[in-house]
1. So which of 359, 365, 348 ends up being on the phi < 0 side of the Ramachandran plot and surrounded by 18 or more Cβ atoms within 10 Å (Cβ to Cβ)?
2. Evaluate region 267-285: report whether one residue or more is under 25 Å from residue 176 (Cβ atoms), part of a loop (DSSP other than H, G, I, E, B) and either among the small types (Gly, Ala, Ser) or out of contact with any Lys or Arg (no Cβ under 9 Å at 6 or more places or on another chain) (or both).
3. Does region 144-160 include one or more residues that are hydroxyl-bearing (Ser, Thr, Tyr), in contact with a His (Cβ under 9 Å, 6 or more places away or on another chain), modelled with pLDDT of 75 or more and on the phi < 0 side of the Ramachandran plot?
4. Can you tell me how many residues within region 156-176 are small (Gly, Ala, Ser), over 12 Å from residue 191 (Cα atoms) and not in a loop (DSSP other than H, G, I, E, B)?
5. So residue 308 fits all but one of (1) loosely packed, with under 14 Cβ neighbours inside 10 Å; (2) of a type in the set (S, T, N, Q); (3) part of a loop (DSSP other than H, G, I, E, B); what number is the exception?
6. Among the residues of region 331-347, are any under 26 Å from residue 253 (Cα atoms), assigned to a loop (DSSP other than H, G, I, E, B), more than 14 Å from the chain's Cα centre (by Cα) and among the basic types (Lys, Arg)?
7. Enumerate the pairs (first residue in region 227-256 and in contact (Cβ under 8 Å) with a residue 12 or more places away in the chain and farther than 23 Å from residue 303 by Cβ; second residue anywhere and among the basic types (Lys, Arg) and not in a strand (DSSP E or B)) with beta-carbon separation below 7 Å, excluding pairs fewer than 6 apart on the same chain, so at least 6 apart or on different chains.
8. Checking residue 342 against (1) under 29 Å from residue 263 (Cβ atoms); (2) of a type outside the set (Phe, Trp, Tyr); (3) in contact with a helix residue (DSSP H, G or I) (Cβ under 9 Å, 6 or more places away or on another chain), which single condition isn't satisfied?
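The values are calculated or read from the model by the stated rules, or taken from the named source; none is laboratory data. Note that the structure is predicted; figures quoted are calculated from it, not measured. In this analysis, Cβ positions are derived from the backbone assuming ideal geometry, glycine residues included, and neighbour counts consider all displayed protein chains.
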Amino acid sequence: MSAVMNMKDQRGPQLQSSEMDPVIWSRLPEELLERILYFLPLKTFLNLRSTCKHFKTLLFSPSFMSKYSSSSSSFSSFILLSHPQCYRHFPLYDSNLGTWRYLSRFLSDLLPCAAGVPCTLLSSSNGLFCFSLPTLSSFLVCNLLTKSSRIIKFPTYRFAFESLTLVSTPLGYKIFMFSTKFSSNYSFVYDSRDLCWRTFAVFESILSDNNHQETVFCNGSLYFTTPEPFSIVSFDLESGKWDRLNCNMPTEVTFVRLVSDGEGKLYLIGGVGRNGISRSMKLWELNDERTWIEVESLPELMCRKFMSICYHNYEHVYCFWHQGMICVCCYTWPEILYLKVSRRTWHWLPRCPSIPEKWSCGFRWFSFVPELYALV
């Protein structure tokens, strides 16, 4: 017994020590250090960049990025809220932990090139954000994780656009938008690979006064819904070719929105009813035979709440995909209705506690999944 006690006494000081010899840390193999850094949460990862030059160099070295850029699973994914009165302050909902976080002075601290310039968040894709800088006649594309950004001039002078979509892939990113103002019915595509704009015609049937519908990227093309009678058209980002999707739309739909899971599946969300009034809301999936198959229906009580929120002004409704969730939003309501696709269960996202009650419209939500490979 006394021998055991002596062993504990001898080992005690070593076990109680919480500090590691700096000499040992300085000799830690970089491969092991990279592995440790990979498991850091996003907030720690961002703060570590300013700790020392060695850490900053290591975090964005070709070796680290080549090993871990294909998977950012160690980082939380977020749903980001943008509002006209929420200038340079973006609340983030951590969808992994179910908590709210905040990014204060987002552009001023992380993007000095845009400090003091009015901006509007327009689109997000795979860790990249696209802002409009109207006073500079430019867009700003940036990556929060790598603290990198690029200013892109508008394609023409006195430019106004109805729809903008940012599409990011491992090969680069593209910005798509179309404009019908100033007598210029054109669509424009910016390609980060050659740093220039290309101009294409606009498919006439997508032109309307509805500027809120989100464009969906799937299998190399962008998909749009047309005004009634509802149909779907596509735009190939490489060839610039427009086409109409040959499929029959569900019957008695009062509004339709598209969502893609990023892996080739296309979903349709729509209200079902008569005389322009939705009595229910359903989800369909497009199968290989180009047929819409009903997969889910919103429960009645949730449907009543959502329809009362948008007050049958369906032009305020928009949708997006976020980490296995289909999010259904309204510009006039600070909450999100979402479907967990794998479980087929509907939920309400908790209201952000920092949003004042007086804010009644202008709520824009974006999916934010941090990515190291998304270079600007």
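1. 365
2. For region 267-285, residues under 25 Å from residue 176 (Cβ atoms), part of a loop (DSSP other than H, G, I, E, B) and either among the small types (Gly, Ala, Ser) or out of contact with any Lys or Arg (no Cβ under 9 Å at 6 or more places or on another chain) (or both): absent.
3. no
4. First pass over region 156-176, keeping only residues small (Gly, Ala, Ser): 160, 163, 168, 172.
Filter once more, so that each one left must be over 12 Å from residue 191 (Cα atoms): 160, 163.
Subsequent filtering for residues that are not in a loop (DSSP other than H, G, I, E, B) retains 163.
The total comes to 1.
5. (3)
6. So far as region 331-347 goes, yes, one or more of its residues are under 26 Å from residue 253 (Cα atoms), assigned to a loop (DSSP other than H, G, I, E, B), more than 14 Å from the chain's Cα centre (by Cα) and among the basic types (Lys, Arg).
7. Between residues of region 227-256 that are in contact (Cβ under 8 Å) with a residue 12 or more places away in the chain and farther than 23 Å from residue 303 by Cβ and residues that are among the basic types (Lys, Arg) and not in a strand (DSSP E or B), the close pairs are 246/290; 247/290.
8. Of everything listed in (1) under 29 Å from residue 263 (Cβ atoms); (2) of a type outside the set (Phe, Trp, Tyr); (3) in contact with a helix residue (DSSP H, G or I) (Cβ under 9 Å, 6 or more places away or on another chain), residue 342 misses just condition (3).
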